[in-house]
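The next block holds one structure in the form of structure tokens; read it before the comments.
The values are calculated or read from the model by the stated rules, or taken from the named source; none is laboratory data. Computed from a prediction, not measured in an experiment: that's the story for all the values here. Because the Cβ atoms are built from the backbone with ideal geometry, glycine has one as well, and the counts that use them run over all protein chains shown.
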Amino acid sequence: MSLADLIADADRVVAFTGAGVSTESGIPDFRSPTGVWTRYDPQDFTFDRYVESAEVRERSWRMRREFLAAGYTPNPAHLALARLEQAGRSPGLVTQNIDGLHQDAGSRHVVEIHGTARDVMCIGHQPRHGTPDGCGWRMPVDWALAQLDAGDPDPLCPLCGGLVKSATVSFEQVLFGDALEAAVSLAGTADLLLTVGSSLVVYPAADLPLLALRNGARLAIVNDEPTPLDDVADLVVRGRAGDVLPEAVDAALSR
């Protein structure tokens, strides 16, 4: 059975996407020979280090500005998944990515399990144990960039004076509970769970395909490299998401 066949036979396709989708838009991954961690030390970007060190926060804002300045745009894989939702064949998707490109492509129901780089949030004065403890203030990232441009290298929350951080999940930071709950709920409704561009090694997010399988869904994996769940999948397709998905989605929707 082909990927187009699986999609055509499904009423509720839920995609679970990882970095392999975004790299095709030019966004560097973290661990490859040309990835982000060749230019920044990942040990500096734990949640506790961010809280403890103004210098780390300044470096983090520089990295965030570099990321946002590149002007990345959706690629054919993002657009294909948006077409599935628009055709009424998908209730939404779950992504490990923080770039917002699924929304730019037209997807409306996107669960960002690791947060979003497009917003900033108050995390409180001295949050502990990797858990943000802010006042609830949140703004688009442009607010923080404006503060940096005005000469403030370490902007604070304008409501309570707490630390401000990108609304993303850092190393050693607790996942946002509402996003995890929404991801579990969405994956649980799937009759086809389509994982795209994820190595399926980062937990608890990588548990979502297993959850879907336990609920009776089929599992299709599209990835350049092998994953730990290849043996339990109904179909494994090796290849780039931008090459594989558009053809399969278009073929499925034309039936």
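From the list Leu245, Leu208, which one is in a helix (DSSP H, G or I), buried (at least 21 other Cβ atoms within 10 Å of the Cβ) and under 17 Å from the mean Cα position of the chain (by Cα)?
Numbers: Leu245 fails: under 17 Å from the mean Cα position of the chain (by Cα).
Exactly one of Leu245, Leu208 is in a helix (DSSP H, G or I), buried (at least 21 other Cβ atoms within 10 Å of the Cβ) and under 17 Å from the mean Cα position of the chain (by Cα), namely Leu208.
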Only one residue in Ile27, Ile98 is modelled with pLDDT under 90 and either in a helix (DSSP H, G or I) or closer than 21 Å to Gly197 by Cα (or both), so which one is that?
-> Ile27
For the range 197-232, what are the residues that are in contact with a helix residue (DSSP H, G or I) (Cβ under 8 Å, 6 or more places away or on another chain) and either free of Cβ contacts under 8 Å to residues at least 12 places away in the same chain or farther than 23 Å from Glu112 by Cα (or both)?
-> Val232
Just for the range 105-135: of the residues that are charged (D, E, K, R) and over 13 Å from the mean Cα position of the chain (by Cα), which one is surrounded by the most Cβ atoms within 10 Å (Cβ to Cβ)?
-> Asp119
Residues being in a strand (DSSP E or B), in contact with a helix residue (DSSP H, G or I) (Cβ under 7 Å, 6 or more places away or on another chain), in contact (Cβ under 8 Å) with a residue 60 or more places away in the chain and more than 18 Å from Val237 (Cβ to Cβ) - total across the range 164-196 = 3
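State yes or no: is Gly177 farther than 14 Å from Gly92 by Cα and under 17 Å from the mean Cα position of the chain (by Cα)?
Yes; evaluated as a whole, the condition is true for this residue.
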